[in-house]
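The values are calculated or read from the model by the stated rules, or taken from the named source; none is laboratory data. Everything numeric in this text was worked out from a predicted model, so none of it was measured. Cβ sites come from the backbone with ideal geometry, for glycine too, and all protein chains shown count toward neighbours. Note: areas computed on protein heavy atoms with side chains; ligands, DNA, RNA excluded. Shrake-Rupley method; radii C 1.70, N 1.55, O 1.52, S 1.80 Å.
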Amino acid sequence: MKRMITIAEAATTLAGTPQSILCLDTCEFLDVVRGFEEDENHQSALFHRLVDPMVSDPTKFQPVITDLVLHEWGQNLEVVRDRASAHLLETSRRITRVVSSCGHVDIKATGPATDFASLPVVQGLIDLAERLMDRAMVLETDEGCIQRALSRVMDRRRPSHKGQIKDSIHLEHYLEFSRQLSQTGFSEPILFVSGNKADFWDGPPQLHRDLRDEFAAAGLQFFGKLEAALGRLGI
């Protein structure tokens, strides 16, 4: 089981290091696999760009996740895997039907026949997401952050303005982490990425105006798209 550390321990460990910090919510990891089902591999390409620099230069940046990210990943992985595998199987069947139909009209299908359903691509995507997760520093659950997340739910404040709490749990941990790390004199960028348009965005992929002051006070920078965050990291 991956070791978790307190927010204070994480801030102390990273203080004075030349690393940028990348905080991610669960959907960024799940979308690596879900994108395959949607015939879209942009997220997996971005994760590939992230993992390579970590292997060649582990000091390039430090990913940080909450304990809740690991919990949600475990909760959703089986469903995500099954849906992606079903998509791969149907894709393989469609290709087989196309090749068969070509024979019916005397068209020679080019290229060797491939059993795409047997390719371990779905597991490969899962492994790619978990490679980044394995390199991440995991913040253990902080009771103060949980209480502040509950206050957002009760007050109907973003990102819990619709009554859901998980995004607020992520956010409160990252805000507190960023506050404590910034107080050490840490000067590298601390980024938080979330593609959750309904709760974090304000029209285009920018932080909603209701949250801007909180992010600025904590020294946390928001990115609605992972690609933009990679650009900020120089990756």
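Points to keep in mind about this one:
- The number of residues in the range 164-173 that are touching a helix residue (DSSP H, G or I) at 6+ places or on another chain (Cβ under 6 Å) and either in a loop (DSSP other than H, G, I, E, B) or open to solvent by 90 Å² or more (accessible area, probe 1.4 Å) (or both) comes to 1.
- Single condition Pro159 does not satisfy, out of (1) more than 21 Å from Ile21 (Cα to Cα); (2) open to solvent by 10 Å² or more (accessible area, probe 1.4 Å); (3) assigned to a loop (DSSP other than H, G, I, E, B): (2)
- Residues that are in contact (Cβ under 8 Å) with a residue 12 or more places away in the chain, surrounded by fewer than 19 Cβ atoms within 10 Å (Cβ to Cβ) and among the small types (Gly, Ala, Ser), drawn from the range 126-153: Gly144
Yes/no per residue for (1) closer than 23 Å to Leu139 by Cβ; (2) under 19 Å from the mean Cα position of the chain (by Cα):
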site	(1), (2)
Arg158	yes, no
His173	yes, yes
Val193	yes, yes
Pro205	no, yes
Ala218	yes, no
Glu227	no, yes
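- Within the range 174-205, being outside any helix (DSSP H, G or I), over 18 Å from Phe29 (Cα atoms) and open to solvent by less than 10 Å² (accessible area, probe 1.4 Å) holds for one residue alone: Ile190.
- Test: residue in the range 95-116 that is closer than 23 Å to Asn41 by Cα, of a type in the set (Val, Ile, Thr) and modelled with pLDDT of 85 or more: no
- Residues in the range 1-20 that are open to solvent by 80 Å² or more (accessible area, probe 1.4 Å) and under 15 Å from Gly185 (Cβ atoms): Thr12, Thr13, Pro18.
- Some residue of the range 21-39 being out of contact with any helix residue (DSSP H, G or I) (no Cβ under 9 Å at 6 or more places or on another chain), part of a loop (DSSP other than H, G, I, E, B) and either under 30 Å from Leu89 (Cβ atoms) or of a type in the set (Ser, Thr, Tyr) (or both): no
- Any hit, the range 81-101, residues being open to solvent by 80 Å² or more (accessible area, probe 1.4 Å) and either part of a loop (DSSP other than H, G, I, E, B) or within 30 Å of Ala11 (Cα to Cα) (or both): no
- Within the range 38-78, being crowded, with 19+ Cβ neighbours inside 10 Å and either over 23 Å from Leu191 (Cα atoms) or aromatic (Phe, Trp, Tyr) (or both) holds for Phe47, Phe61.
- Test: residue in the range 202-209 that is within 18 Å of Ala10 (Cβ to Cβ) and modelled with pLDDT of 95 or more: no
- Count of the range 95-146 residues which are among the charged types (D, E, K, R) and more than 18 Å from the chain's Cα centre (by Cα): 6
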